[in-house]
Every structure is written in structure tokens, then in C-alpha cells.
Amino acid sequence: MRPFKRFRSRHHRHELACRRRDRDIGSFRRLRKRLFLQIYAVVVGSVIVVSILVATTAFHLQAQHPDKHVPIFPFLVLSALIVSLGAYPISKRLTRRLEQLKQGVEALGEGKLDTRLPVRGCDEVAILTTSFNHSAERIQALLASQRQLLANASHELRSPLARMQMGLAMLAEQYELEETHSVQALRHDMAELNQLVEEILLASRLNTLEIPLTTQLVDLAALLAEECARLGLDCEAEAVQTEGDARLLRRLIRNLLENAKRHGGEPIEAHLVAQTPQSLLLTISDRGKGIPAEALEQVFEPFYRPAGHGEGQGGWGLGLSLVRQIATRHGGEVACLNREGGGTVFRVSLPRLV
Amino acid sequence: MPESLLVIDDDVRLSQMLAEYLGSAGYQISAAYTGKSGLQLARQQAWSLIILDLMLPDADGLDLCRELRSGSTAAIPILMLTARGDATDRIIGLELGADDYLPKPFEPRELKARIKAILRRGVRNQEHLPTLQFGRLEIDREAREIRLDGQVREVTSYQFDLLVAMAERAGRVLSREQLMDLVKGETLEAFDRSIDVHISRLRAAIEDNPKHPRRILTLRGAGYIFARSQDGDDGL
């Protein structure tokens, strides 16, 4: 924190000095004025220098050879040279600072939120740099508080859940209620609530693009095989790899498989193939009663519940909306289609790593 | 002499419940509600296990874990709890030397089982090769032993090497050729189908139902996979 603070205060002083010198900031008037004056000075200076040179040369030449003309051309070249020599550092300085600003904006866009730029001079570029620094600071603070909120919400919601679970276990043990229906049901409900809390937090984490994924090489075929084995399903997979967050990709696969079990119907098939050299295709298909055409997109909405579906039957919750978020964050996409011969198929395409 | 456990958690009510619940299971529980008092208490006595919450009012649990890993407390096993639910916490926690990790809310019976497993493994020794743990399965590379629920499962030396080779690469598809390369040694064994025989022996030893394997999976046409998440560990 220290160097940052020091920088800020120095920067602050500089800003105050700028304001004192000129209070009407807002347009690019000052930069234009300064550039005009600088170029004007260079041009006028070179004209004066060249005129003096021409005049002295003419004077000497005429004194020695009265019949000869003064050679104008070399003087023009000389004058062009002087102007360019004078103008080069001016333009160089301006473009260098703009270039720096551009790099800063790009770095910020790539997620390097601690990017700050040194403020030099007192013109509009300096003002722009100052406002860039302000914005960057604000974005960084906002994201930090968002992250903090997520961590706190997670903590605050889970602590009472943990106590409830503990209390239930103790009660059940004390009164030997372990195998009764009501204890089992309560336990199931708490697990559901916990899952929901987790999914809501995950959804908001995924929505915050600035929270980066922890990516690694993921053997998607192995993940699919593991998740299929977990639910007692068969799968066919080519050994393809992708880059991403293994936990999120596992969740994507699990949600799709569980969705097929819950809302689809047997037999459920899972396939993973290399689609092109750059992409892979995961399909999870079932032979359930399918989804009406107008709802094929809606199933990806959070807490989607089809018309006529009561509370007891349960909705889709966040499962499929998370699937879409995860696929999107990994640079892929997911679509839900009706199958020929009945049932539904979910197609997920993801970038492939060769 | 009951095993003494130290709980460092700022959730007072949960700590009290833990003390009661684990107390009835025969453990002796002491509780600290701040990081500072926890560290103090940890250094006073030879604990069998420390249960540490990651989110404390006065300290970051990860820093505390690092601190506990040095000095007189270095050998005491640590079980980490967290309600923060950040996937990276788990990885960092285990890297910092926690022996196990349980996200809140947890199933109390699960906690009891984990405590039992850690205590069975005994005092932390700076092992050269740490024991690999996958749910209820432990692969002790030092003693060259496979344990399921603490029960030793007998396999041949070659099969043990094969299992270790797979477990060290859990979550990856390994072809027969790769597996044979990884487990050299007995060159006589090196013909294609013999791997399948060894795999089915291993399955008989470590799977609950070898017909529907959950730990060693087959991917048709590609090879074998040792599952990364097994039993209670859901891998999410």
C-alpha cells in the first residue's frame, strides 16, 4: 500500500498545481494553444534563421561577385531541416504520452486493475491521464468490495446452515431418529438449500468477468467418464483436452447429466468428440418427452419453470443457467435441441487444445 | 487417555456444538474463538489435532495455518474448515500444510470420519512421499500399502506400482502403452492385455462394486482413468 499512497499524494499535489495555473479545464483549448505556439515558434524561428543566412550570404556574395545570384534552393532545404528538427521532439513527446495512455487503457481492459500512469505536464493529456487513474482506482475498489461481499455473503449464509446441520445430527443421535423419514427429509432440504446458496454465489462470481478463472489443462474425456460413472451412465469419448477451470467444467457436465436424469428420460447418452481441430463437441441426449420448441431457449434462464409445473415437481433451478455461464466463460456455447424420435439433446462446444 | 482436539473458530455456537458432538464421541475438545488465543492455546499443549476455521475476526486462517506449521506446533495435524466457499482456498490450504479440508456446512458424521482418518495416520512426520488420499481410499507410498476405510487391501507389487502411477495422474486418460511405460520394472509383464488383468485385480481390491467401478474407470478405445473425485469428495 505504501508506495501507492506516496504516489497518490504526489500526484495530488501536481494536480492542485495544475488547477491553480489554469482553472478553465474542459476542452482541448490549452493543448491546441500550446501546440500552435510551439509549431509557430519553430516555423518563425527557422524563417528568421534562414532569412538571416540568406541575407548575409547575399551580402557577401554581392560584395565579391556582383553578377551572381544567391542560390535559394540549399537554403530551402536547410530551412526544412531546421523545421523538422524542431517539430520532431514536439510530436514525439505528444505521441509518446498518448501511446502510454493507450497502453494503460489496454492493460486495464485486460484486467490488470492496478495499472496507474505517471502524470506529466499540465495539459489535456495530463488531465486525461489523471481521470484514467481515477477510474482505474474506482473500478479496483468496486471489484474488491464485490469480492468481499461475495465472501461475506457466503460466510454469513453458510454459518447458520452449518449449525443447523450440526444441531440436526445431534438431535437425531440423541433421540435415535437417524433413520426416520422426517430427519432424512430435513437433511435433504438442507442439502438443497446449501446447493442453492452455492449456485447463487457461483452465478454471481461467474458474472463478474474480472474475477479470473483458474485455468489449467483439462482432460475432458476423463471428467466425462468420471461423472458418468458417478450416475451409473455409459459414455463414449475421444481423448480430447481443453483449457479451463476443472471444477467448473465438472459442474457443467454434472448439471447436464443430472438434468437429463431428472427432466429427460432413459436411455441417456453422452458423447465427446473432436469437432474441428479447434473445437470439441459434447452432447448429452435423452429419450424423455422433449421440450416444447418455444421453451428451448428458456430452459437456460435462471429458475425457469414451465407452465403447469407445480412447486412439487421442481423447476430447473440454476443448473442449466450455470451450464451456459460456464460454457460462455470458457469461450464456448451451449444449445438445447429436440431430437428426432423424441427426447432432448444438449450440445456444448468448447475450444479444444491440441 | 482421550485424544485432545483444539477447535479454532469464531462461531461460538458452532464451536460449542462441536465440543458436545465430538465430546460424546470420546474426544476432549477445547475451543478458541480468535486467531490469537488459538495460537497461544495451540502452543501450550500437545494436541492430537487442530480444527481451524479459515475466517477468523483477527487473523486470516491461511496465515494462521502457516504459523502453526512452524515451531512447536509443526507436527500437529490440521483440519481446515471454511464457509467462504472459494475453490482456491482448498488448494492453498492443503499447500500450506493442512492435512484435510472440509467446507461448511458439513455433515457432522463426515467430520467425525475425517478426524478419525487423520488421527489414524498419526502425528505428521515430514514424509518424503505423502500418502495419497481419495475419499475412503488411502495409498501409502512409503509403506507401500493400500487402505480402504483403514483396512489394508492386498495387491501385488506390480499392481501397487500401477495404482500409484494412475493415482499420481488422477483425472487423466492413460492408454495401456502409457501405463506400461510408467510401470516398467517387470518387463515380462509388458504385453498389452496383461494390464487389463491387473486392472481388474485392482478393482476387486479397491472398488465397492467391481462391476460398476467408481475409482478406476475404462474409457473405451482410449484407456483407463483414475477418478479424481471419489466417495464424499464431490470435486466441485
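All of the numbers you see were taken from the coordinates with simple rules; none came from a lab. Bear in mind that the values here come from a model prediction, so they are computed numbers and not experimental data. Here Cβ is always computed from backbone atoms with ideal geometry, including for glycine, and neighbour counts include all displayed protein chains.
Ranking A:256, A:63, A:323 by how far each Cα lies toward the positive end of the dipole of the protein assembly as shown (charges on Cβ) leaves A:63 at the top. Axis of helix A:319-329 versus longest Cα principal axis of chain A: the two differ by about 30°, to the nearest ten degrees. Think of the protein assembly as shown as a dipole: +1 on every Lys or Arg Cβ, -1 on every Asp or Glu Cβ, centred on the Cα centre; then among A:182, A:162, A:218, A:218 lies furthest on the positive end. Projecting the Cα atoms of A:348, A:143, A:41 onto the charge dipole of the protein assembly as shown (Cβ charges, centred on the Cα centre) puts A:41 farthest toward the positive pole.
Panel order for B:80, A:190, by other beta carbons found within 10 Å of each beta carbon, from fewest to most: A:190, B:80.
Placing +1 on the Cβ of every Lys and Arg and -1 on the Cβ of every Asp and Glu, with nothing else charged, gives chain A a dipole about its Cα centre of roughly 3340 debye. In the protein assembly as shown, helical runs assigned H by DSSP with n ≥ 4 each contribute -39500 (n - 2.57); averaged across all residues and rounded to the nearest 500, the mean residue ellipticity at 222 nm is -17000 deg cm²/dmol. Rounded to the nearest 20 debye, the dipole magnitude of segment A:238-278 is 260 debye, with +1 charges on Lys and Arg beta carbons, -1 on Asp and Glu beta carbons, and the Cα centre as origin. Computed over chain B with a Gaussian network model linking Cα atoms closer than 10 Å, the most mobile of B:13, B:114, B:66 is B:13.
The charge dipole of the protein assembly as shown, taken about the Cα centre with unit charges on the Cβ atoms of Lys, Arg (+1) and Asp, Glu (-1), comes to about 3560 debye, rounded to the nearest 20. Just checking the listed ones, A:92, A:261, A:102: in the Gaussian network model of chain A with Cα springs under 10 Å, the one fluctuating most is A:92. Straight-line reach from residue B:36: taking Cα to Cα under 18 Å and skipping same-chain neighbours fewer than 8 places apart, the aspartates and glutamates in range are B:9, B:10, B:11, B:53, B:58, B:60, B:63, B:67.
Between beta-carbons, use under 11 Å as the cut-off and find the net charge around residue A:194, counting Lys and Arg +1, Asp and Glu -1. Residues near residue A:194 contribute -2 overall. Comparing Cα centroids, segment B:101-170 and segment A:27-106 end up 80 angstrom apart.
With K and R counted +1 and D and E -1, the other residues having a Cβ less than 11 Å from that of residue A:279 yield a net charge of 0. Peptides A:280-292, A:197-209, A:243-255 ordered by packing proxy, namely the average of other Cβ atoms within 10 Å per residue, highest first: A:243-255, A:280-292, A:197-209. Any idea what angle helix A:2-21 forms with the longest principal axis of chain A, computed on alpha-carbon atoms, 0 to 90 degrees, nearest 10? Once rounded, the angle reads 50 degrees. Distance between the 7 Å Cα→Cβ label points at residue A:92 and residue A:49: 1.5 nm. Considering only A:273, A:42, A:54, the mean-square fluctuation computed in a Gaussian network model of chain A, springs between alpha carbons under 10 angstrom, is largest for A:54. Compared with the dominant principal axis of the Cα atoms in chain A, helix A:72-109 is inclined by about 20°.
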